[in-house]
1. Take the residues in region 163-216 that are free of Cβ contacts under 8 Å to residues at least 24 places away in the same chain and of a type in the set (Gly, Ala, Ser); name whichever of them is surrounded by the most Cβ atoms within 10 Å (Cβ to Cβ).
2. Restricting to region 7-29, name every residue that is of a type in the set (A, V, I, L, M) and open to solvent by 40 Å² or more (accessible area, probe 1.4 Å).
3. Considering only residues that are modelled with pLDDT under 95 and either β-branched (Val, Ile, Thr) or surrounded by fewer than 17 Cβ atoms within 10 Å (Cβ to Cβ) (or both), which ones fall in region 30-42?
4. Check 168, 145 and return the single one that is touching a helix residue (DSSP H, G or I) at 6+ places or on another chain (Cβ under 7 Å), at positive phi and not in a strand (DSSP E or B).
5. Output yes when any residue across region 285-293 is modelled with pLDDT under 65, open to solvent by less than 30 Å² (accessible area, probe 1.4 Å) and touching a Phe, Trp or Tyr at 6+ places or on another chain (Cβ under 9 Å), and no when none is.
6. Inspect region 229-238 for any residue being open to solvent by 10 Å² or more (accessible area, probe 1.4 Å), of a type outside the set (Asp, Glu), farther than 20 Å from residue 35 by Cα and modelled with pLDDT under 95 and give the result as yes or no.
7. Of everything in region 123-139, what is under 11 Å from the mean Cα position of the chain (by Cα) and open to solvent by less than 10 Å² (accessible area, probe 1.4 Å)? Give them in sequence order.
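The values are calculated or read from the model by the stated rules, or taken from the named source; none is laboratory data. Quick caveat: nothing in here was measured; it's all calculated off a predicted structure. So basically every Cβ, Gly included, is an ideal-geometry build from the backbone, and we count neighbours across all protein chains shown. Side chains included, ligands, DNA and RNA excluded: accessible areas come from the protein's heavy atoms. Shrake-Rupley method; radii C 1.70, N 1.55, O 1.52, S 1.80 Å.
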Amino acid sequence: MKISLYPPLSIYEIGQRDNQEDAIVQWDNRLFVLCDGMGGHERGEVASQTVCSSLVKWFEGNIKDDSFSDDQLREALEYAYTELDKYDDDGPRKMGTTLTFLYFHNKGVTAAHIGDSRIYHIFLTGKILYQSRDHSLAFDLFQAGEITYEEIATFPQKNIVTRAMTPGEDNRMRPDIIHITDIEPDDYFYMCSDGMLEQMSNQELVEILISNKSDEEKCKHLIAATAANQDNHSAWLIHVKNVEGQSGEDVLSNEELTARCNAINIIPQSVPETDDDVVIVKEAPKKQSFLLRLKNLIRFTKNNK
């Protein structure tokens, strides 16, 4: 599988804070990382920047071709944790950072995250195919039935994360990992810190991304819409240009429809009606038509309500 991208665009805003604790980086137009640091002045930014820079350094020294495996991802994260450990001061309040990670390779896209910074995969119709599940107290309480999905946005402790990359820990926090192969031209991948979503719903985000504007105009619109946000807010806007299959290729299974780390499989969904006699194959082919892809999504969601 050969995935080509339009020039990726980034957003990197300090908001109403005194310092910028977000960090973003890309490598070789294939690796995209976004981290949101925590731990106070001159601490959160150290954590986020350390993880971003160390991941790029690992990729520069270890990636020799277009292939990629989960074992390599774990090696890269272990290296990032080792570099982060160098800044451990054994204080009562450790620095830390969230992580969002996207890597485009010959078997598809590997997405991984720790914390409440998000990754989205959005179809050209505006359908969200993947939204990373927040590792947060609010989302855990929602899944436990203690609060509704609508109450997450106003929950007093909504910023408390349940997973983060922190130094000096015996038990490293592991990421949720998902493999995505159902990728079409004009799909968007969107990575953002929680500050971008401070006053923006999924619907508002989608409306911007599927508008008839250029990517540059969409990026400007996102910046304008979040200009009053209090928190640091950063994002990567990644637009798929073309996807080519290769004969005899061995791609990974697409996991979006069933992944437990896909919040779309958890949050309440409004699903349009479809004919009951539509036959959908249980295992979709590697390359789906627009109509079959949409029908699969609708049928799967209805059966799992």
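1. Restricting to residues being free of Cβ contacts under 8 Å to residues at least 24 places away in the same chain and of a type in the set (Gly, Ala, Ser), the top hit is 211.
2. 14, 24
3. 40, 41, 42 - these are the residues of region 30-42 that are modelled with pLDDT under 95 and either β-branched (Val, Ile, Thr) or surrounded by fewer than 17 Cβ atoms within 10 Å (Cβ to Cβ) (or both).
4. Sole residue among the options that is touching a helix residue (DSSP H, G or I) at 6+ places or on another chain (Cβ under 7 Å), at positive phi and not in a strand (DSSP E or B): 168.
5. yes
6. Taking every residue of region 229-238 in turn, none turns out to be open to solvent by 10 Å² or more (accessible area, probe 1.4 Å), of a type outside the set (Asp, Glu), farther than 20 Å from residue 35 by Cα and modelled with pLDDT under 95.
7. 130, 131, 132
Quick grid of which residues meet (1) modelled with pLDDT under 90; (2) closer than 28 Å to residue 43 by Cβ:
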position: 134; (1), (2): no, yes
position: 140; (1), (2): no, yes
position: 151; (1), (2): yes, no
position: 156; (1), (2): yes, yes
position: 161; (1), (2): no, yes
position: 166; (1), (2): no, yes
